[in-house]
1. Could you please put SER497, SER72 in sequence from largest to smallest accessible area, using a 1.4 Å probe?
2. Which angle from 0 to 90°, rounded to the nearest 10, does the C-alpha axis of helix 99-110 make with the longest principal axis of the chain?
3. In debye to the nearest 20, how big a dipole does the stretch 71-195 give about its Cα centre with +1 on each Lys and Arg Cβ and -1 on each Asp and Glu Cβ?
4. Among GLY360, ILE324, ALA347, flag the residue with its Cα farthest along the positive direction of the charge dipole of the stretch 292-384, charges on Cβ as +1 for Lys/Arg and -1 for Asp/Glu.
5. Of the heavy-atom accessible surface of the chain (probe 1.4 angstrom), what whole percent is carbon and sulfur?
6. Out of the GluC sites (Glu not before Pro) in the stretch 15-68, which ones are loop residues according to DSSP with at most 16 other C-beta atoms within 10 Å?
7. For the Cα atoms of the chain, what angle does the longest principal axis make with the long axis of helix 454-463, in degrees from 0 to 90, nearest 10?
8. If I take R0 = 35 Å and measure r between the Cβ atoms of GLU380 and LYS131 in this structure, what FRET efficiency does the formula 1/(1 + (r/R0)^6) give, to the nearest 0.05?
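The values are calculated or read from the model by the stated rules, or taken from the named source; none is laboratory data. What you see is a predicted model, and the numbers here were worked out from it, not measured in a lab. Neighbour counts run over all protein chains shown; Cβ positions are idealised from the backbone, glycine included. Ligands, DNA and RNA are stripped out before the accessible areas are found, and what is left, the full protein with its side chains, is counted by its heavy atoms. Shrake-Rupley method; radii C 1.70, N 1.55, O 1.52, S 1.80 Å.
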Amino acid sequence: MLELYNRVAQAIKDKDFESLKELKPKKPEFFNWVTDIFEPQNVKQNPNDKALIWKYNAQREDFTYKEISERSNQFLNLMRKHGITHGDKIFVQLPLVPSNWYGYLACIKGGVVIIPAATSLETRDLEFRFKSVLPQVTLSDAANADKIDEAEKNNGQKIKLKILTEGTREGWISIDDIFSESKVAEGAKTRSDDDLFYFFTSGTTGMPKIVVHTHFGYPIGHLTTTTWVGLQKGDLHYNISQPGWAKFSWSSFFAPWNVGATILGYHIDRFVPKEQLQTIQDFKVTTFCSPPTSLRMLIQEDLASYNFSLRECVAAGEPLNPEIIEVWKKATGILIRDGYGQTEATALVGNLPGNKVKFGSMGKPTFLYDILIADDDGNEVETSEEGNICLRHHPEIVTGVFKTYLIDTKRNDLVFKHGLYYTGDKAYKDEEGYFWFVGRDDDVIKASDFRVGPFEVESVLLEHPKVLETAVVASPHEMRSNAVKAFVVLAGGAKASAELAKELFVYSEEHLSRYKIPRIIEFTKELPKTISGKIRRVELRAEEAMSKHKKEKR
Ligand code: ATP
Ligand code: MG
């Protein structure tokens, strides 16, 4: 398998991604990413290379590959001493501290299934989660330990081992206990199809779903993420993501360590654009990955006044509006390349380094995936026709697509059908094979006989200098069934007024087909978002439907 990794690393250096399409990784019976890839490639070959640089205010902690590997072995030995074995589950609710990284390494090596959780989750969320899956181990800091204890008590459950990353607490052992453990540990004999992660999706469209990823498919799948970012050994990679979300595993864990790069773990209490940019400059970050939400904040700053060492910039998680790419490119000379994926998979479609980028397009399928635009019956649609983003399943080829939803297994039948995996997103493909995002299934607006994708309308509005953020949704309308409505958050200094609404309307008229123009514009202070910062159009849509319903009742 190391050969495959070497091939991918070389392809990234040569910017030759076409040749990777020939690769068809076969699934071995047993596979463990830590003992099969991470240790031989990074720890044995490059023990003194930096694996992780962690920063929090004035604190800094660096780990070489050897050091982080030893720390992870100690962690694994500690878990084992307390009776934790292959197949057990760990619930990790931590801010961005180093134990996320060595904890994950230990769990993968020991075959312990990882359940990442965002720190913003409250006791009732944990109760819900523990009822779905009760972990044998938890790993958390003091603030989250409170919630874990309470949820455990309220549910009348018992968690076997609780590990605390700071201070002391009754019923918990301290992570410092690892220091008396051996720095050497045997790996578990994990099967390729053994469960590796239980991720919760972001909950943008409803209650989060639990996604099961396995030992072979998931890490191998992230080779696509590595190619999309364009990571190379020697890079310092910074990804804006909190642990708790799949994006952390994508871009703060597998993608950089797949090629022995260094991760910058920049822990913050609050997102301050100036501090972000200063850190990227001072640490000489070479590869940068960010959700569009954060980029929208960063481009408000005087980007040209920084002296960056960046080579690659990518964005994922939400549609990337052309406006962001343009502003960033003008100031830094670097193109932000969009990449599309989901918790359910890895990087599926992306603009790869060196490839021609069409502003506003997500790019082309990455090397492991056979992606098509299909109708609801599984038929591929014509070029330029909108349809469902789907993945064709080839049993002999391993990809990073998930194994199953947990608990809500009925949902599997909704997404795995006609020999395809339905992502739940809409797009179209152009003559050159580029994919253009239209919107999530439910976000597409049906107005009169037309279908309007919110992304295109939002992208136009965002180009207007007075618009900071916007969400475009369907608003029930007697004549048209739905009207296109834009919620708009104004950029600093701009004042909401009927004139400004008119100005935005005229601006839209100049840049959009008639049926796509937002007929209603509502100024708002903020947009409803998930805790990971994604716009929840579903909430705005529900409010619209509700207010229409109330009006009708009156
Ligand atoms: P939930 O499934 O719980 O409603 P979610 O879909 O937001 O939440 P994630 O798995 O974190 O959970 O996000 C994946 C989704 O994010 C994709 O299905 C797509 O809708 C959107 N997305 C991700 N990357 C992009 C991108 N580059 N362009 C457009 N949309 C994107
Ligand atoms: Mg989803």
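1. SER497, SER72
2. 60
3. Working: 17 positive and 18 negative charges, 73 e Å.
For this selection, approximately 360 debye.
4. Of the candidates, ILE324 comes out farthest on the positive side.
5. 48
6. Working: sites: GLU18, GLU22, GLU29, GLU61, GLU67; in loops: GLU29.
Sites meeting the loop and neighbour criteria: GLU29.
7. Helix 454-463 sits roughly 80 degrees off the main axis of the chain.
8. On the way: r = 41 Å, r/R0 = 1.18.
E between GLU380 and LYS131, to the nearest 0.05, is 0.25.
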